[in-house]
């Protein structure tokens, strides 16, 4: 079974397998050095690429965190507005109930006043008839006394 050294699968990397490492042992020290230098350069390039990807990822994460913070602030603002509106609706409902109670009281009072006015109107009409009748009687008496 061959073992591989860890690497990033999405990037070009120089991978030494066990056989290749054994072959390097058979190569001259200068060639080993050159091969290791190349490997080191590739690893440095891969490291730079990974660092760039990491930095890009951090930047994107920070942007997303900033957006998330803005969304959270918007949500908090919306919740505060919602709660404020609910409070205002509650106040308006109480005020509406008070106005309805006042209206009901005014209706009852108006009905009582109408009943009282009706009785007063009836009394007035009765007294008017009595007075008209009395005037007629007095006029008749006056006419009979002049004759």
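The values are calculated or read from the model by the stated rules, or taken from the named source; none is laboratory data. Small disclaimer: the values here were computed from a predicted structure and weren't measured. Positions of Cβ are backbone-derived with ideal geometry, glycine not excepted, and every protein chain shown enters the neighbour counts.
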Exercise for review: Would you please list the contacts, defined by Cβ atoms under 9 Å and residues six or more apart or on different chains, that run from a residue in the range 44-66 that is at pLDDT 95 or above to a residue that is surrounded by 10 or more Cβ atoms within 10 Å (Cβ to Cβ) and in a helix (DSSP H, G or I)?
Suggested key: none
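Can you give me the number of residues within the range 24-64 that are assigned to a helix (DSSP H, G or I) and exposed (fewer than 10 other Cβ atoms within 10 Å of the Cβ)?
Initial filter on the range 24-64 (assigned to a helix (DSSP H, G or I)): 24-25, 29-64.
Now restrict to residues that are exposed (fewer than 10 other Cβ atoms within 10 Å of the Cβ): 25, 29-30.
Qualifying residue count for the region: 3.
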Exercise for review: Kindly indicate which of 79, 107 is within 33 Å of the chain's Cα centre (by Cα) and part of a helix (DSSP H, G or I).
Suggested key: 79
